[in-house]
Amino acid sequence: MFKIEFDEPTNGWLPVTIRYQDCEEVLFASDIPFDPMSQLEDVLDSALTGVGGEVWWHLEPGGYYLSIKPEKECFHVRLDFSADSKATTREEVFDFVGTFDDVVVPLWRSLRKYQSYGYERFLLSDKVMKSITAHVKANRSK
């Protein structure tokens, strides 16, 4: 099962736990140079509309890269790590293809839970979250 959990941000750092099967990565992502929560919601929304993208969980100097891309009726998810945040030094952590319920629903739930806390840093966009929620509701009614 794929799952991401977020804890309370502190001083520009966001505690994140990413799980897939037996793999568990615990990291503290920086909001510099980009807010990874904004990236995550944009990537998920983009994947739902047929494009997808990548989130950079910047650790200064290292980083994790979470890629979500639509693939027919499923989603291709990949997590890589780079000790120096360079594309040439990335190492795969996990890679899988999952259904809407395997990928989108758990991410959406995690984002909604995080959004409910109302933290002042690493904010989520109401507009993007409404778009993702509309996709989730539409898929559930099928």
(message) What FRET efficiency comes out for GLU60 versus SER38 if R0 is 30 angstrom and r is the Cβ-Cβ distance? Round to the nearest 0.05.
(response) 0.95
(request) Ratio to report: Rg/Rh of the chain, with Cα atoms as the point set and Rh obtained by the Kirkwood method; give two decimals. (result) 0.94
(message) With θ taken as phi - 60° and the coefficients 6.51, -1.76 and 1.60, list the Karplus ³J(HN,Hα) couplings across segment 99-112 in order, rounded to whole Hz; mark glycine and proline as x.
(response) 6, 3, 5, 7, 10, 5, 4, x, 5, 4, 4, 5, 5, 5
(message) Taking the number of other C-beta atoms within 10 Å as the exposure measure, put TYR119, TYR114 in order starting with the fewest.
(response) TYR119, TYR114
(request) For segment 102-142 and segment 3-79, compute the distance between their C-alpha centroids and round to whole Å. (result) 14 Å
(message) How far apart, in nanometres, would the label points at CYS23 and ASP101 be if each is projected 7 angstrom from Cα along the Cα-to-Cβ direction?
(response) 2.3 nm
(request) Just rank GLU73, GLU41, GLU60, fewest to most, by other beta-carbon atoms within 10 angstrom. (result) GLU73, GLU60, GLU41
(request) Enumerate the aspartates and glutamates that LYS69 could reach by cross-link, defined here as Cα to Cα under 19 Å, with residues fewer than 8 away along the same chain left out. (result) GLU41, ASP42, ASP45, GLU54, ASP80, GLU91, GLU92, ASP95, ASP101, ASP102
(request) Quick one: what are the phi-derived ³J(HN,Hα) couplings along segment 11-18, Karplus 6.51/-1.76/1.60 with θ = phi - 60°, whole Hz, x for glycine and proline? (result) 6, x, 10, 10, x, 9, 10, 10
(message) Sort MET1, MET129 by Cβ crowding within 10 Å, fewest neighbours at the top.
(response) MET1, MET129
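Quick note: the coordinates plus some simple rules give every number you see, no bench work behind them. From a predicted model like this one, the values you see are computed outputs, not experimental measurements. Note that we place each Cβ from the backbone using ideal geometry, even for glycine, and neighbour counts take in every protein chain shown.
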